[in-house]
Amino acid sequence: MKITFVTSNIHKACEAAGIFSGIAEVEHVNLECPEVRNESVAEVAKGKAAYAYNELGRPVITDDTGFFVSALNGFPGSCAAYVQKTIGYEGILHLLSDKADRSAWFETGIAYADADGISVFVGKINGTIVSPRGNQGFGYDPIFSVDGKTLAEMNAEEKNAISHRSRGLLALREWLINKRSRDL
């Protein structure tokens, strides 16, 4: 089985290739997909998958990730990439300067589209917002701590073992295995 991961980030496709090893070959395609505006990362990923499948005509995976801060009523949510580009994590820390609640979570919607339709899987990781630490990763990683360590303090293997994206991809992997055995 061959699946195309449609993303501008080759590292996501490499992570997926590792997770799907033994059940599917993952191909990377950088295709610009329009993003529907929705509070749900699952719905954003689903919209991208519908577009990508229509354009490419073969099984595809797309994703969308949100960063949700409890004290900010879930902001920036599914607009995390835009907020990172405009105010960065420094802006988030400024918005939290008078807030006691530092809980937050990352959530990734993984959408898989094929001739049978679109299925969506969500991975989530809870953490705490802290002062910046570490030099690995990207985006909000330096301020997002899980069990006392920021994502930016983790190497790629540590981060991928617990990440929201890997949890969504693992759910898709399990679903594909079950689908294959049902189809036999």
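The values are calculated or read from the model by the stated rules, or taken from the named source; none is laboratory data. Computed from a predicted structure; not experimentally measured. Cβ coordinates were reconstructed from backbone atoms using ideal geometry, including for glycine residues, and neighbour counts include every protein chain displayed.
Name the single residue, out of those in segment 108-132 being aliphatic (A, V, I, L, M) and touching a residue at least 60 places away in the same chain (Cβ under 8 Å), that is surrounded by the most Cβ atoms within 10 Å (Cβ to Cβ).
Of segment 108-132, the ones aliphatic (A, V, I, L, M) are 110-111, 113, 115, 118, 120, 122, 125, 129-130.
From the residues that got through so far, the ones that are touching a residue at least 60 places away in the same chain (Cβ under 8 Å) too are 110-111, 113, 118, 120, 122, 129.
Details: 110: 33, 111: 28, 113: 27, 118: 16, 120: 23, 122: 16, 129: 23.
Here the answer is 110.
Name every residue in segment 133-143 that is exposed (fewer than 15 other Cβ atoms within 10 Å of the Cβ) and either in contact with a Gly (Cβ under 9 Å, 6 or more places away or on another chain) or of a type in the set (Phe, Trp, Tyr) (or both), in order of residue number.
138
Could you look through segment 1-28, keep only residues that are of a type in the set (A, V, I, L, M) and surrounded by 15 or more Cβ atoms within 10 Å (Cβ to Cβ), and pick out the one that is farthest from residue 110 (Cα to Cα)?
Only one residue fits best here, namely 24.
Please go through segment 85-126 and give me each residue that is of a type in the set (Gly, Ala, Ser) and in a loop (DSSP other than H, G, I, E, B), ordered by number. It would help to see each step written out before you state the result.
Let us first name the residues in segment 85-126 that are of a type in the set (Gly, Ala, Ser), namely 88, 91, 97, 100, 103-104, 109, 111, 113, 115, 117, 119, 123.
Correct list: 97, 100, 115.
Which residue is surrounded by the fewest Cβ atoms within 10 Å (Cβ to Cβ), if the candidates are limited to segment 55-82 and must be among the β-branched types (Val, Ile, Thr) and at pLDDT 95 or above? If you could, list the steps in order and put the result at the bottom.
Residues of segment 55-82 among the β-branched types (Val, Ile, Thr): 60-62, 65, 69.
With at pLDDT 95 or above added as a condition, the list becomes 60-62, 69.
Details: 60: 27, 61: 27, 62: 29, 69: 23.
Per the criteria, the residue is 69.
Scan segment 138-157 for residues that are assigned to a helix (DSSP H, G or I) and closer than 16 Å to residue 106 by Cα and jot them down. Talk me through it step by step, then tell me what you get.
Taking segment 138-157 and keeping what is assigned to a helix (DSSP H, G or I), we get 141-143, 151-153, 156-157.
Matches in segment 138-157: 141, 142, 143, 151, 152.
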